[in-house]
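This report concerns only the one structure given below.
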Amino acid sequence: MKPQQTTFLSTVIAALAITLGNSAMAQAETGLTAALTTGSTNVTFRLRSEQVDDAGFISDAAANTLRTRLSWRSGNWKNLNLLLEMDNVSYLGEERFNNTRNTKTRYPVVPDPDGVDLNQAAVQYRVDKGSATLGRQRLLRDNQRFIGSVGWRQNEQTFDAVTVSLAPVPNVQLDYAWIDDTQRIFGPDAGNPPQALDSDHHLLNARWQSGPAFILSAYSYSLAFEDAPVLSSATLGLAVTGELDATADVKVDYRVEYARQSDYRNNPIAYSADYMLATAGVKVSGIRAAMSHEVMGADKSAGVAMQTPLATLHAFQGWADKFLNTPVFGVRDTAFTLTGKVASADVVLVWHDYRSDTGSLDLGQELNLQVAKTFASRYTLAVKFADYQAERYSTDSQKFWITAEARF
């Protein structure tokens, strides 16, 4: 990893933070100061207890964390608005877990380092058919399989980027982003894994919707990591999704997706790998049953499998997070999902069966269960469980979470 250096976007972000603070103190009642004084402020608190029992570690992990998030967005001035968002992660009680910074390696990893972090600091220009944003920002692309915020963790992944969104004609959406730095979940302090990666990424998304039954999406993600060249890749993909009414009481949904990934720029390994996803769901009287088959392909000759380092990985291949880095033989994940409401609470039940893409290995199975309930539109209480039973990959692991969130 090369020494930390100041980039153009980092300088812009620092200037934005200073400008926001100074402008808020301005006394003249001009259009700009009116925009600054008529903005919106939001505060959220997320309290979580996470327990991990992993057969590969000496001790079980127990992490009690509180994330406090303060967000402020200005009013509009000449189609411009400003966004500033700060996060603070604090610990409640003893640190009986490896937060990736405290060297407590006898415990399983719970990647929620404590500290204060500048989560977002950006200026946005918005008109009827598009917008442009400069600065540190949250990026969510499609279903977040390739580009996401890792919102499940207490410290979110955000990006120092320039983004442009256009809707040139009805039912068409175009999005482009250039990413200068990737601010990872392991911050705010330096360490290993690094809290940020020097990046030169180009993301292009196109979406056309003829109606709810047919949405066509295409994407090109060219990722160049200065600090982690083995992650540099170019991915081209196409997805078709939709939802339709089979009868008055029955809804059917689907997603079919294919992508091809290969080495890019400074990656020292030449490879290519395929990504495939097929999902079909049926919803009857509020209960949805679905089956999906996802393939993270492998290039056997190169000893490399498809990777998605900027994804919201926790949302895919099980909540036990055993496949955050795709093993060299790839992964085929067949999943069965049931979702619905029980006593006004949202319930999710998922069963995963994991096999290798090459070598015909039975990797393991996993059960996921979540029950969540929202009160008065401001408060959410969730209980979540993951049980991974290893066969030919990793070790048995059980994880349990209780999360309480309040939004003001």
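Only the coordinates and a few stated rules stand behind these numbers; no lab work does. Given the structure is predicted, the values throughout are model-derived calculations rather than measurements. As a convention, Cβ positions derive from the backbone with ideal geometry for all residues, glycine included, and neighbour counts pool all protein chains shown.
Neighbour counts of other Cβ atoms within 10 Å put GLU226, GLU85 in the fewest-to-most order GLU226, GLU85. Once the other residues with Cβ under 12 Å from the Cβ of ARG141 are scored (Lys, Arg +1; Asp, Glu -1), what is the net sum? That sum, taken over residues with Cβ under 12 Å, equals +1.
I want the local charge near ALA320. Using Cβ-Cβ distances under 10 Å, sum +1 for each Lys or Arg and -1 for each Asp or Glu among the other residues. The answer is -3.
Spin-label model, ALA343 to ARG407: label points 7 Å out along the Cα-to-beta-carbon direction sit 2.4 nm apart. Taking label points 7 Å from Cα along the Cα-to-Cβ direction, GLU243 and THR105 give a separation of 4.7 nm. Please say if the chain is rounded, prolate or oblate, where rounded means a/c under 1.5 for a ≥ b ≥ c the square roots of the C-alpha gyration tensor eigenvalues, and otherwise the choice is prolate for a/b larger than b/c and oblate otherwise? Note, shape of the chain comes out rounded. Ranked by how many other Cβ atoms sit within 10 Å of their own Cβ, fewest first, the residues TYR219, TYR388 fall in the order TYR219, TYR388. Within a straight-line Cα-Cα reach of under 17 Å, LYS341 can be paired with the following lysines, leaving aside sequence neighbours fewer than 8 residues apart in one chain: LYS251, LYS283, LYS373, LYS384.
Residue order for ILE402, ILE185, ILE147, fewest other beta carbons within 10 angstrom first, comes to ILE402, ILE185, ILE147. The distance from the alpha carbon centre of the range 101-177 to that of the range 188-262 is 13 Å, rounded to a whole number. For the range 122-142, backbone nitrogen atoms closer than 15 Å to the point 7 Å from TRP77 Cα along Cα-to-C-beta are found at 122-126.
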